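Read-outs throughout are calculated quantities, based only on the coordinates presented, and are distinct from any laboratory measurement. It should be emphasised that the depicted structure is a prediction, and the values quoted were computed from it without experimental measurement. Cβ placement follows ideal geometry from the backbone for every residue including glycine, while neighbour counts extend to all protein chains displayed.
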Amino acid sequence: MTIYIIGFVITFLLVMASGLPVGFGLGFLGIALLTTYIGLDSATSISVEKAYSAMDSSILVAIPLFVLAAQLISETGMGKRLFDAAKSFLWWSKSGLGVATISSSGVFSAMTGSSFVSASTMGLIATPELRRAGYSDSLIAASITAGGSLGSVIPPSIVMIIYGYLTDESIGKLFMAGIVPGILLILLYSLALSFFINRHYRMTAPPLQVGAAATRTESTREVNHEAAPAPERLSKRKALKEAFWGLMAPVIILGGIYLGVFTASEAAAIAVVYCMLVGFFIYRTLTLKKLGNVLMEATAVSAMVGVIVVGGAVLGHVVSFGRIPQQLLETIIALDLSPLQLMLLINLCLFVLGMFLEVMALMYLAIPLLVPIIAYMGWDNIWFAVIMLLNVNLALITPPMGGVLFVVSHIGSIPIVKVMKGAMLPIAMILLVLLLVVLFPGIATWIPNNM
Amino acid sequence: EIEIKLASWGPPSHFVAQARADWIEEVNEAAAGKIRIIEYPGGQLYDDKDMHNAVARGHVDIGVLLSPRVMGMVPMLQGVYLPFAFDSLEHVAEVYQGESLAIIEDALEQRRMKLIYTSFVDGVQIYSSNGNIETVEDFENLRVLSTSPMGTNIFSRLGASPDSSIPQIEQYMALRLGVADASLNSIVNGYFQQTHEVAPHLTRINLSFPTIMVAMNLNKWESLPEDVQEIMLSAGERMQARSLQEAMAWEAKFLAESAEDGAIVTEFPASEMERVREISHGVWQEWADANGPEAQRLLELSLQ
Amino acid sequence: MKSPTERNWLSRWIDFSSGVGGVIAACCLMLLALIITYEVTVRYFFGSPTAWVQEFSVYLWMAIAFLAAAYALRNDSHFAVTIFVDRLKASNRRRLRIFTHLIGLGYSVTFVIKGIEMVHFSYEMGDTSTGLIQVPLWIPGSLLPIGAVLLALQFFNKLLLELMNKGAQ
Ligand code: NA
Ligand code: NA
């Protein structure tokens, strides 16, 4: 089995590095592996039909709509106005924009419950603004992946609903259980990010001011601009007025969701129509030609995500089929460890599996395997749910297979290595929170137990 | 020893899942050396939406089917899932016998599936957020989350606003936020899905009775030695009888637990039920007319 | 990519077919936003939710993703890890690209063949959706092989251009 796993990892990395688009590579690898089990004919039939049924899912419908909404927000100038407003209020802190990105992603993730959607939307809106403010690529990636990874911890979350269903747990309690870890994550992300951003400015600002880095003239100007905040402060009122219609977007969306007018995924369509109306009739920055371009661009991004969903589903299916995770966990349980050792080892396994699997595949594989262990060990189900959710979030942003990483890299035109480097920050923070939750279960269970 | 892959979905602690685990163990013991069934639980390979296609295609040997999900491929199953037509689980269990069972089995075999055994679960009830349903008039403008075409049709005729725009996974939030007023669920499933947390008014109305069927790909089934087939069927028969007992026991148990958790339980009055049946009858008949003489016969058998 | 004049009619035709897929997909996206907004409006203001929007929105999403896959490939919009490839010698890079285009071609041809098989099976079985409008499932199912044909053509196009590119390297 060890040899099989090593072989799998090496092949996986080779396919990823070959330059073949990742979605196609994953699917190809999945079909090739399944062929070794059941022959080419069955393997290809099963994979193609699996691919189709993975796409036949109402959860995914929100993706193209939120991508389109995000592109409209940046194309109509709403995004820029929003960031100008944020800047005029956060003039005192250079890390303000990064923290604003994380907080907005938190709100956005909370609304949509999907990390993919949150990462692509925030990626489209925030990347140009962060770049203009002189952030390095890895810092941009750190801000957006961190924000995107909040999706399934902060309620409502699709992952929690699935967990509640599979384990007979109160979904309301699960939602409550995510609140403290979610807030903890936002705080830790913001603190860590501020530290690195301030260090980044300390290190890059002087040479930039001398003009040594000719390639970054635009950021130079912006950095200097930031250093002299006085004119920005004066325009605070104006900035707010300019940004009003942009600010109304999240108000309408969140308000609509919480007042029960529409569901979280319907909010995407409402956002599209709202942004079009503002772009055409209020800001008058949108033309039919621009709308056409934005539609084509959003379509291409959606197709890219679709190809990755297909590849991930095909590869996930073969991993289930081969029962590799089963064998791994059975081996561990046979080791006769102490509860803490067992818990840490299970987390290690989930982490490693999560490196190679997507969210749904990880959930469907791990929960049926782990539920008997939870019951046997007498662990608190809510506590374990939060541990599971944190691991699922990690899976999204851990290389080599991390959907959010690919989206951020592609949308922000940031080299994947830089994105992975940036993602180390949220990964480290999630691991820290995970350790805290393992050691102090009260972080997860206090609110739901006192409801 | 032939390895047989069985794909299932749903909570592993559900009584149907536990009975299935016992069935697998029993078959594996009795047929040791000939076949060995391996279960892939929790939707790892296929979920309820895709299972019938996977079994019919032979992508998995045995699959666990949820009857309302299979009706697109096997319309005859609608005949044993008619909304408001059955008043108790025993009534449904009678239909899964004799001539009507033969019609269903035949319809499944035409779609390359062999029915091994059926598990019964408790009936579908109405969970609503603003008060229980006591008269036909209470259906007026009720935004009820409906998933079956015939149910949607009948609810419209009852004056409700059946809403199929919200996927299963979002129903909990939709009820919680007030996007919808009511949803349809069995008491056991409703307890698992925590429906009573967001829609505490539980009206017992026995809308319909879904069944969970263990079915095998027909080619694979025909390739098995006869004694193995016999082992599977007779063990299945026992599980089917067991599920009937357990379904009723679990319904009672979870009814009590839901009530303890704050669910307000009422019974839909029999006199009002007559009015509902009258309206439904036309819809049943339309279905039978559209699906040929066997459907007509099945309708007669179901209504006996 | 070469300038249009240098490219042959076949390559131009394939690019055009990918573009058509992309335009249809974009129309589906606009339609998707509009029908969901319509659904919310009639449900909230008129209390009469539709019975078809949820089902059709999934079909539209599949149309977007499947039909635009080739368009995205044409525009190099698919995410790929190229840092290792970029460090190769030009001649080796070309060989590797030919190899990966071949894999892509094989992958999409698989989806064409098995996709047609899938559609054929669901047609034979008369499988329909379990929604209020019982849509025969072979209709949305056809989106997969159609998208895969466009994709196979585009991979073939890329392969062809790379092969003809030999002199330029
Ligand atoms: Na969320
Ligand atoms: Na990962």
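Each residue of region B:134-140 in order: what ³J(HN,Hα) in whole Hz does its phi give by Karplus 6.51 cos²θ - 1.76 cosθ + 1.60, θ = phi - 60°, with x for Gly and Pro?
Listing the rounded values in order: 10, 9, 4, 4, 5, 6, 3 Hz.
Of A:K50/B:K114; B:K49/B:K253; A:K421/C:K89; A:K50/B:K220; B:K5/B:K34, which sit over 18 Å apart, Cα to Cα? Let's see the in-between values first.
Numbers: A:K50/B:K114 22 Å; B:K49/B:K253 28 Å; A:K421/C:K89 26 Å; A:K50/B:K220 21 Å; B:K5/B:K34 14 Å.
Pairs exceeding the cut-off: A:K50/B:K114; B:K49/B:K253; A:K421/C:K89; A:K50/B:K220.
Is there a quick way to get the dipole size of the protein assembly as shown? I mean about its Cα centre, with the Cβ of Lys and Arg at +1 and of Asp and Glu at -1; what is the value in debye to the nearest 20? Mind showing how you got there, number by number?
On the way: 58 positive and 75 negative charges, 1252 e Å.
In total the dipole reaches around 6020 debye.
Going highest first, how would you order A:74-80, B:86-92 by mean Cβ packing within 10 Å?
On the way: A:74-80: 21.9, B:86-92: 16.7.
So the peptides A:74-80, B:86-92, ranked by packing, come out A:74-80, B:86-92.
Measure out, as a whole number of angstrom, how far apart the alpha-carbon centroids of region C:65-116 and region A:253-308 sit.
Region C:65-116 and region A:253-308 have Cα centres separated by 29 Å.
If I stretch the segment between A:I10 and A:D41 completely, what's the gain in nm (0.36 nm per residue apart, minus their alpha carbon distance), one decimal? Let's see the in-between values first.
Details: separation 31, 0.36 × 31 = 11.16 nm, distance 2.53 nm.
Working it through step by step, the gained length comes to 8.6 nm.
For chain C, modelled as a GNM with alpha-carbon contacts under 10 angstrom, which of C:D86, C:D127, C:D15 fluctuates the most?
For chain C, modelled as a Gaussian network with Cα springs under 10 Å, the answer is C:D86.
Based on the alpha carbon coordinates of region C:9-164, what radius of gyration and maximum Cα-Cα distance (Dmax) apply, in Å?
Reported Rg and Dmax, both Å: 19.4, 65.
In chain C, which helices (entire DSSP H runs) extend 27 Å or more along their own long axis, judged by Cα positions, while averaging at least 0.5 on the Kyte-Doolittle scale? Spell out each step's value before the answer.
On the way: long enough: C:9-46 (54 Å, 1.29); C:53-74 (31 Å, 1.22); C:90-124 (50 Å, 0.22); C:143-164 (32 Å, 1.71).
Qualifying helices, which must be both long enough and hydrophobic enough, are C:9-46, C:53-74, C:143-164.
Note down the net charge around B:L218, summing +1 for each Lys or Arg and -1 for each Asp or Glu among other residues with Cβ under 9 Å from its Cβ. Before the final figure, lay out each step's value.
On the way: positive: B:R111, B:R112, B:K114, B:K220; negative: B:E109, B:E222.
So the environment of B:L218 carries a net charge of +2.
Just tell me how shielded C:115-125 is by partners: mean number of partner chain Cβ atoms within 10 Å of each residue's Cβ, no decimals. Provide the component values of the computation, followed by the final result.
On the way: counts 4, 1, 6, 8, 1, 0, 6, 7, 0, 3, 10.
Per-residue shielding by partner chains comes out at 4.
Of all alpha-carbon pairs in chain B, indicate the percentage at a distance above 28 angstrom. Mind dumping the intermediate values first?
Details: 17776 of 46056 pairs.
Summing the P(r) tail past 28 Å for chain B gives 39 percent.
Stokes-Einstein D for the protein assembly as shown at 4 °C, 1.567 mPa s, Kirkwood Rh over Cα pairs, in µm²/s?
Values: Rh = 29.1 Å.
After rounding, the answer is 45 µm²/s.
Using only alpha carbon pairs under 8 Å that are at least six residues apart, calculate the relative contact order of region C:9-164 and give it in whole percent.
On the way: 165 pairs, mean separation 50.1, N = 156.
Relative contact order for region C:9-164 comes out at 32 percent.
Of C:R93, B:R238, A:R202, how do they rank once you tally other Cβ atoms within 10 Å and put the fewest first?
Working: C:R93 17, B:R238 14, A:R202 10.
Ranked by crowding around the Cβ, least crowded first: A:R202, B:R238, C:R93.
Net charge around B:D61, counting only other residues with Cβ within less than 13 Å of its Cβ (Lys, Arg = +1; Asp, Glu = -1)?
Around B:D61, the surrounding residues sum to +3.
Compute the Rg to Rh ratio over region A:261-304 from the alpha carbon atoms, using the Kirkwood formula for Rh, and round to two decimal places. Could the numbers behind the result be given before it?
Numbers: Rg = 12.0 Å, Rh = 11.5 Å.
My calculation puts Rg/Rh at 1.04.
State the volume of the convex hull built on the alpha-carbon positions of region B:44-177, expressed per residue in Å³ and rounded to an integer. Please report the intermediate quantities before stating the final value.
Values: hull volume 17.2 nm³, N = 134.
Cα-based convex hull of region B:44-177, divided per residue, equals 128 Å³.
Ranked from highest to lowest mean number of other Cβ atoms within 10 Å per residue, what is the order of the peptides C:21-27, C:35-41? Let's see the in-between values first.
Numbers: C:21-27: 23.0, C:35-41: 20.0.
Ranking the peptides C:21-27, C:35-41 by packing returns C:21-27, C:35-41.
Return the long-range amide H neighbours of B:Y40 (sequence gap of 5 or more, or a different chain), with a cut-off of under 5 Å between placed amide H atoms.
Residues meeting the amide H criterion: B:L6, B:A7, B:S8.
Order of B:E294, A:E49, B:E226 from fewest to most other C-beta atoms within 10 Å? Before the final figure, lay out each step's value.
Values: B:E294 17, A:E49 25, B:E226 7.
Going from sparsest to densest Cβ surroundings: B:E226, B:E294, A:E49.
Which order results if A:L65, C:L31, A:L350 are arranged by neighbouring Cβ count within 10 Å, fewest first?
Numbers: A:L65 28, C:L31 15, A:L350 25.
Arranged by neighbour count, lowest to highest, A:L65, C:L31, A:L350 become C:L31, A:L350, A:L65.
Mind giving me the FRET efficiency for B:E99 and B:I264? R0 is 41 Å, r the Cβ-Cβ distance, nearest 0.05 is fine.
Numbers: r = 41 Å, r/R0 = 1.00.
Once rounded, the FRET efficiency stands at 0.50.
Place the peptides B:37-47, C:57-67, B:249-259, A:134-144 in order of packing, highest mean first, counting for every residue the other Cβ atoms within 10 Å and averaging per peptide.
Numbers: B:37-47: 21.8, C:57-67: 25.5, B:249-259: 16.8, A:134-144: 27.5.
Top to bottom by mean Cβ count within 10 Å: A:134-144, C:57-67, B:37-47, B:249-259.
Under the Karplus relation 6.51 cos²θ - 1.76 cosθ + 1.60, θ = phi - 60°, what is the ordered set of whole-Hz ³J(HN,Hα) values for region A:295-311, x standing for Gly and Pro?
4, 4, 5, 5, 5, 5, 5, 4, 4, 4, 4, x, 5, 5, 4, 4, x
Give me the one-decimal nm value for the distance between modelled label points at C:Y123 and A:K236, 7 Å along each residue's Cα-to-Cβ direction.
6.8 nm
Tell me which of A:I73, A:N449, B:F254 sits at the most positive position along the dipole axis of the protein assembly as shown, charges placed on C-beta atoms (Lys, Arg +1; Asp, Glu -1).
Of A:I73, A:N449, B:F254, it is A:I73.
Evaluate region B:151-304: find the radius of gyration of its Cα atoms, find its Kirkwood radius, and give the ratio Rg to Rh.
Details: Rg = 19.5 Å, Rh = 18.9 Å.
Over the Cα atoms of region B:151-304, Rg/Rh equals 1.03.
Tell me which of C:F56, A:Y189, C:T37 sits at the most positive position along the dipole axis of the protein assembly as shown, charges placed on C-beta atoms (Lys, Arg +1; Asp, Glu -1).
A:Y189
Peptide A:11-23: average number of partner chain Cβ atoms within 10 Å per residue? Walk me through the numbers before you get to the answer.
Values: counts 0, 0, 2, 1, 3, 3, 7, 10, 14, 13, 12, 4, 6.
Taking all residues of A:11-23 together, the mean is 6.
First select every other residue whose beta carbon is under 11 angstrom from the beta carbon of A:S53; then total the charges, Lys and Arg +1, Asp and Glu -1. Mind showing how you got there, number by number?
Values: positive: A:K50, B:K49; negative: A:E49, A:D56, B:D47, B:D50.
The answer is -2.
Given points 7 Å out from each Cα along the Cα-Cβ axis, report the B:S271 to A:L431 separation in nanometres with one decimal.
Calculated label separation equals 7.1 nm.
Excluding same-chain residues fewer than 8 positions from A:K290, which lysines have a Cα within less than 28 Å of its Cα?
By straight Cα distance, A:K290 reaches A:K80, A:K87, A:K238, A:K241, C:K2.
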